[in-house]
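The structure under discussion appears below in the form of structure tokens.
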Amino acid sequence: MGDDPTVGEDPTVDTVTADTLKNRAEVLKTARALGVEPERLGFLGALPVEELRAFRAQCVAALFDRAPDMLDRIAAATKLVPAGVAAAISQKALGPRLAAAVAGRLDPQRAADIIEKLPVAFTAEACAHLDPRRIPGIVDRLDEDLLVRIAVELAARGDHVTMGRFVGHLRDSALGRILPQVDDAAVLRTGFLIDRPERLGRVVELMGDERLARVIGSAAGDGLWAEALAVAGMVTGAQRGRIAELAADQSEERLESLVGAVAEQGLWESLLPLVALLDDDRRRAVAALPSLRDAEVLAAVVRAVVATGLWGEFLPLVDVLPQESRVVVAGAAGSLPEADLDALAREVDKQDLWELVLPLVELMPEEGKERVFSLPAFHDAGGA
């Protein structure tokens with residue numbers, strides 16, 4: 001399928017995006033598989049994402065591997081009639097859900113032959129109920145024109161979960177035809193829910209810089225900053241840096257909406273790695289945002305950095321914050337519990353960030369300075 005060799009090799013593909021966003025996507029996908037509202041599965045969000053993925057796979061297996069014998073009998077019967085007749089039966093007698101269940105019991109080529117005789121709207125509705133494990137074999141056998149029409153229909157229906165299942169299996173030529181026909185919000189929502197994130201880099205490449213800029217710009221207007229951050233966390237290398245730059249180049253109003261969304265949803269561990277990729281001018285523009293003068297916001301950032309250990313990503317931003325904001329950060333850092341403060345010192349030493357930290361220590365109240373200077377990690381690093 002012509003996968004981009006630069007995508008999927010980087011081990012950061014699955015680690016840069018915050019677990020908050022990966023878990024959110026997994027909960028949405030699992031809820032769809034089980035046919036329940038996502039809110040009913042909110043308690044799953046605290047689990048490690050690997051466990052969530054395993055649970056979703058188990059749900060899919062339980063739903064589709066224990067199908068009643070009736071489905072196999074119907075599937076066997078369809079082999080005895082022409083594909084057009086089987087398609088008519090699917091529409092008139094089975095309906096989209098049952099037709100999808102039967103398609104999952106058929107040989108992929110036979111399923112594709114029947115699908116090509118069905119109306120696109122019927123197929124799009126049935127796709128939502130198809131065994132996800134059967135998608136690659138069927139997609140590889142469908143006519144590209146039909147694949148494009150199905151994808152566009154799914155986008156029109158707002159069925160981004162199903163699009164996320166399919167898009168990673170589409171050929172580059174099909175993706176190149178689909179992208180101009182779906183809106184920017186659909187691109188972000190589908191990227192957030194994609195089942196094969198290693199293909200997302202290829203989608204970004206096919207969009208080109210102009211479309212990518214529009215897609216990132218739409219995140220503010222459509223309230224999709226979380227989805228944009230998730231997409232940035234799944235691509236690698238230069239693409240991630242480009243998304244960071246496009247986000248930083250937005251107007252102050254839009255950047256404020258980004259910081260507001262991050263603060264409200266607790267997504268600092270998704271944003272800070274992107275800020276760390278910016279050049280000095282763009283980083284200063286972010287640091288100058290009014291919201292980053294708010295003591296509560298800054299304290300929340302410090303708490304997130306403590307929890308994730310992202311001091312290497314955070315300190316370059318702190319270095320260009322306005323003086324009053326730096327004082328707030330220094331105070332919050334100086335009042336950390338002993339264990340967190342010691343972890344900070346050890347991480348700073350590990351990444352050789354003392355040049356950025358010592359000016360911050362100087363801004364701490366005297367009690368905070370004394371606590372830092374007495375840390376074993378500080379002495380071990382020769383900071384004294």
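The values are calculated or read from the model by the stated rules, or taken from the named source; none is laboratory data. Just so we're clear, the structure is a prediction, and the values are computed from it rather than from any experiment. Every residue, glycine as well, gets a Cβ built from its backbone with ideal geometry; the counts of neighbours run over all protein chains shown. Quick note on the areas: whole protein, heavy atoms, side chains included, nothing else; ligands and nucleic acids left out. Shrake-Rupley method; radii C 1.70, N 1.55, O 1.52, S 1.80 Å.
Residue check: ARG283 meets all listed conditions (1) surrounded by fewer than 18 Cβ atoms within 10 Å (Cβ to Cβ); (2) of a type outside the set (Ser, Thr, Tyr); (3) in contact with a Pro (Cβ under 7 Å, 6 or more places away or on another chain) but one, namely (1).
Scanning the stretch 300-353 for residues that are open to solvent by 30 Å² or more (accessible area, probe 1.4 Å), touching a helix residue (DSSP H, G or I) at 6+ places or on another chain (Cβ under 6 Å), assigned to a helix (DSSP H, G or I) and not acidic (Asp, Glu) turns up VAL306, THR308, VAL328, ARG346. Scanning the stretch 138-156 for residues that are touching an Asp or Glu at 6+ places or on another chain (Cβ under 9 Å), open to solvent by 20 Å² or more (accessible area, probe 1.4 Å) and modelled with pLDDT under 95 returns ARG141, ASP143. For GLU205, state whether it is open to solvent by 50 Å² or more (accessible area, probe 1.4 Å) and in contact (Cβ under 8 Å) with a residue 60 or more places away in the chain. Yes: the conditions hold for GLU205.
Pick out the one residue from ALA31, ALA46 that is within 16 Å of ASP195 (Cα to Cα) and either modelled with pLDDT of 90 or more or surrounded by fewer than 16 Cβ atoms within 10 Å (Cβ to Cβ) (or both).
Selected residue: ALA31, the only one of ALA31, ALA46 that is within 16 Å of ASP195 (Cα to Cα) and either modelled with pLDDT of 90 or more or surrounded by fewer than 16 Cβ atoms within 10 Å (Cβ to Cβ) (or both).
The residue that is most open to solvent (accessible area, probe 1.4 Å), counting only those in the stretch 236-268 that are within 20 Å of ARG283 (Cβ to Cβ) and not in a helix (DSSP H, G or I), is ASP249.
For the stretch 123-148, name all the residues that are part of a loop (DSSP other than H, G, I, E, B) and closer than 21 Å to LYS29 by Cα. Those that are part of a loop (DSSP other than H, G, I, E, B) and closer than 21 Å to LYS29 by Cα: ALA128, HIS129, LEU130, ASP131. Quick check on GLU296: is it under 27 Å from the mean Cα position of the chain (by Cα), under 17 Å from ALA244 (Cβ atoms) and open to solvent by 20 Å² or more (accessible area, probe 1.4 Å)? In short, no.
Checked against (1) crowded, with 21+ Cβ neighbours inside 10 Å; (2) under 20 Å from GLU252 (Cβ atoms), PRO273 passes all but condition (2).
Quick grid of which residues meet (1) under 15 Å from PRO119 (Cα atoms); (2) at pLDDT below 90; (3) surrounded by 13 or more Cβ atoms within 10 Å (Cβ to Cβ):
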residue	(1), (2), (3)
ALA61	no, no, no
ASP65	no, yes, no
ASP69	no, yes, no
LEU80	no, yes, no
ALA87	yes, yes, yes
GLN91	yes, yes, yes
ALA100	yes, no, yes
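For the stretch 173-193, the candidate set comprises residues that are open to solvent by less than 30 Å² (accessible area, probe 1.4 Å) and over 16 Å from LEU212 (Cβ atoms); within that set, the residue that is nearest to the chain's Cα centre (by Cα) is LEU193. As an exercise: evaluate PHE55 against (1) surrounded by fewer than 18 Cβ atoms within 10 Å (Cβ to Cβ); (2) out of contact with any Lys or Arg (no Cβ under 9 Å at 6 or more places or on another chain); (3) under 20 Å from ILE150 (Cβ atoms) and give the number of the one condition it does not meet. It fails just one condition, (3). Taking the conditions (1) open to solvent by less than 30 Å² (accessible area, probe 1.4 Å); (2) outside any loop (DSSP other than H, G, I, E, B) in turn, GLU370 satisfies each one other than (1). Within the stretch 117-126, can one find any residue that is touching a Lys or Arg at 6+ places or on another chain (Cβ under 6 Å) and either touching a residue at least 60 places away in the same chain (Cβ under 8 Å) or surrounded by fewer than 21 Cβ atoms within 10 Å (Cβ to Cβ) (or both)? The answer is yes, given that some residue of the stretch 117-126 is touching a Lys or Arg at 6+ places or on another chain (Cβ under 6 Å) and either touching a residue at least 60 places away in the same chain (Cβ under 8 Å) or surrounded by fewer than 21 Cβ atoms within 10 Å (Cβ to Cβ) (or both).
Scanning the stretch 68-122 for residues that are assigned to a helix (DSSP H, G or I), of a type in the set (Val, Ile, Thr) and farther than 18 Å from ARG134 by Cα turns up VAL85, ILE89, VAL120.
To keep it simple, each residue is scored yes or no on (1) within 15 Å of the chain's Cα centre (by Cα); (2) under 16 Å from ALA185 (Cβ atoms).
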position: GLU227; (1), (2): yes, yes
position: ALA230; (1), (2): yes, yes
position: ALA238; (1), (2): no, no
position: ALA248; (1), (2): no, no
position: GLU252; (1), (2): no, no
position: LEU255; (1), (2): no, no
position: VAL259; (1), (2): no, no
position: VAL262; (1), (2): yes, no
position: GLN265; (1), (2): yes, no
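Answer yes or no as to whether ASP222 is on the phi < 0 side of the Ramachandran plot, open to solvent by 30 Å² or more (accessible area, probe 1.4 Å) and touching an Asp or Glu at 6+ places or on another chain (Cβ under 9 Å). For ASP222, the condition - on the phi < 0 side of the Ramachandran plot, open to solvent by 30 Å² or more (accessible area, probe 1.4 Å) and touching an Asp or Glu at 6+ places or on another chain (Cβ under 9 Å) - is met.
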